[in-house]
Every structure is written in structure tokens, then in C-alpha cells.
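**Q** Dropping a structure here in C-alpha cells format, bear with me for questions.
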Amino acid sequence: VLQDKEFTPLGGTEPKKVDVRVIVATNKDLKRMVDEGRFRTDLYYRIHVMEINVPPLRERREDIPDLCNLFLKKFSAQQNKPLGSITKPALDKLMQYSYPGNVRQLANILEYAVILSAGGKIDLMDLPEEIRGGSSGRNFQMSDKAAAEYLAGRKLRDIEKIVIDATLKKNGGRRDITADQLGISTRGLINKIGEYGLK
């Protein structure tokens, strides 16, 4: 298909022409994998017509404000919460982070912040603890009463997602410990992680 732009359907006798453009994305060094015999040479040269190198987000921090605005607009609409912008302290923290999970991680952070936000802007306290780094000088511990007032009126699904995500992060991603603390089975936790698109 890549070379001849045609294929024969399973059970068919006549080849069919196709008019497609194939875009291949990877975070691996395919040339090195070819040299090491871990990637097919013929496939490499069939897909390697034009290469576009997209640096990781940590190497193009100037894109972060525009990406934040894009994700803020998207997730605000999804959550039906009119959020206008991000405060400077919150944006400063986002600009300083290294993003091992690249743009997808930034999207997850903004979705988390939109769910948590109670005001018209994303503030520092709406960001995950790993981004805040505990260096803002503010006390983020809530009393039971404050937590109850904060969560009142939210959808149970959103609350569950917040609790699971926060507990996973607190436990360094350990699902067994998280499941035990949340009082559910590990299999049940894995199902919830998949349902909410958590990591």
C-alpha cells in the first residue's frame, strides 16, 4: 500500500487503488533502530519521505501560553464552566515545569485545573501538587467543613476522578496502595483509571 498505492481486499481478486497520505509519529530514533536491526529498513525508507522534528515541550516553552489557552477553552466548554484565563502565578509555574509527559501532560494538568477551579480564572491552588511544588507559601490543607463546601454541587463523577487522581499522585502511581486507601479492588481501580483517562 505504501509503495504501490493499491491493495487486494481479503477474499477479493481485483486490486483497489487508494489515495491516502500516511503520517507516522514516534518518539523513538528510528534510524538508530534500523542500524541496530530493531526496525525494518524497507519500512523505514517507505515512510521516511519528509521528516518533521517536533521538539519536546520543555524545549519550546514559548508555546505553553498558547497551548494553555487552547486547552482552557476546550475543557471549560466540556465542563460548562466559563473560565477566562490563567493567573500569572499559575502560568509561571506551568512555564517552569519540565513536562516528562509532553503536551499530553499539559492537557491533563489543565483539565484537572478546570475541574477544580471555583473561580473565573485558573489559579495556583487549582494546579496539581506536583506542579505547585509546595513553594507558593499558601496552605492547601482543607478542613472537613471547607472540603465539603468546596465539593458541594459538583458531579460525583468529577469528585471521584479528582480523588483517584490525587491519591495516585500522592502514592507515586502505586495502584495497589491507592486501591487499598480508596477501599476498592485493584481491578476496580484500573477500570476507573481507564474510564477517566488517568495515568
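The values are calculated or read from the model by the stated rules, or taken from the named source; none is laboratory data. This structure is a prediction, so every number in the text was calculated from the model and none was measured. Glycine gets a Cβ as well: all are built from the backbone with ideal geometry, and neighbour counts include every protein chain shown. These accessible areas exclude ligands, DNA and RNA; they are computed on the full protein's heavy atoms, side chains included. Shrake-Rupley method; radii C 1.70, N 1.55, O 1.52, S 1.80 Å.
**Q** List every residue pair whose Cβ atoms sit under 7 Å apart, with the two residues 6 or more apart in sequence or on different chains, where the first one lies in region 163-182 and is farther than 17 Å from residue 108 by Cβ and in contact (Cβ under 8 Å) with a residue 40 or more places away in the chain and the second, anywhere, is open to solvent by less than 60 Å² (accessible area, probe 1.4 Å) and assigned to a helix (DSSP H, G or I).
**A** Listed pairs, sorted by first residue: none to list.
**Q** Still on this structure, I have one more. When you scan region 179-199, how many residues do you find that are part of a helix (DSSP H, G or I) and under 20 Å from the mean Cα position of the chain (by Cα)?
**A** 8
**Q** Please verify whether region 129-150 includes one or more residues that are open to solvent by less than 50 Å² (accessible area, probe 1.4 Å), assigned to a loop (DSSP other than H, G, I, E, B) and at pLDDT 85 or above.
**A** No, region 129-150 contains no residue that is open to solvent by less than 50 Å² (accessible area, probe 1.4 Å), assigned to a loop (DSSP other than H, G, I, E, B) and at pLDDT 85 or above.
**Q** Report whether or not residue 176 is touching a helix residue (DSSP H, G or I) at 6+ places or on another chain (Cβ under 7 Å), at pLDDT 65 or above and open to solvent by less than 70 Å² (accessible area, probe 1.4 Å).
**A** no
**Q** Something else: Taking only pairs six or more apart or across chains, which ones have beta-carbon atoms under 6 Å, a first residue in region 58-87 that is open to solvent by less than 90 Å² (accessible area, probe 1.4 Å), and a second residue that is charged (D, E, K, R)?
**A** 75/111; 84/121; 85/121; 87/121; 87/123
**Q** Let me ask another. Which count do you get for residues in region 28-42 that are without any contact (Cβ under 8 Å) to a residue 12 or more places away in the chain and either open to solvent by less than 70 Å² (accessible area, probe 1.4 Å) or not basic (Lys, Arg) (or both)?
**A** Counting residues in region 28-42 that are without any contact (Cβ under 8 Å) to a residue 12 or more places away in the chain and either open to solvent by less than 70 Å² (accessible area, probe 1.4 Å) or not basic (Lys, Arg) (or both) gives 9.
**Q** Further question: Could you identify the single residue in 94, 67 that is in contact with a Cys (Cβ under 9 Å, 6 or more places away or on another chain), assigned to a helix (DSSP H, G or I) and within 21 Å of residue 133 (Cβ to Cβ)?
**A** Going through 94, 67 in turn, the sole match is 94.
**Q** I've got another one for you. Determine if region 30-39 includes at least one residue that is touching a Leu at 6+ places or on another chain (Cβ under 7 Å) and part of a helix (DSSP H, G or I).
**A** no
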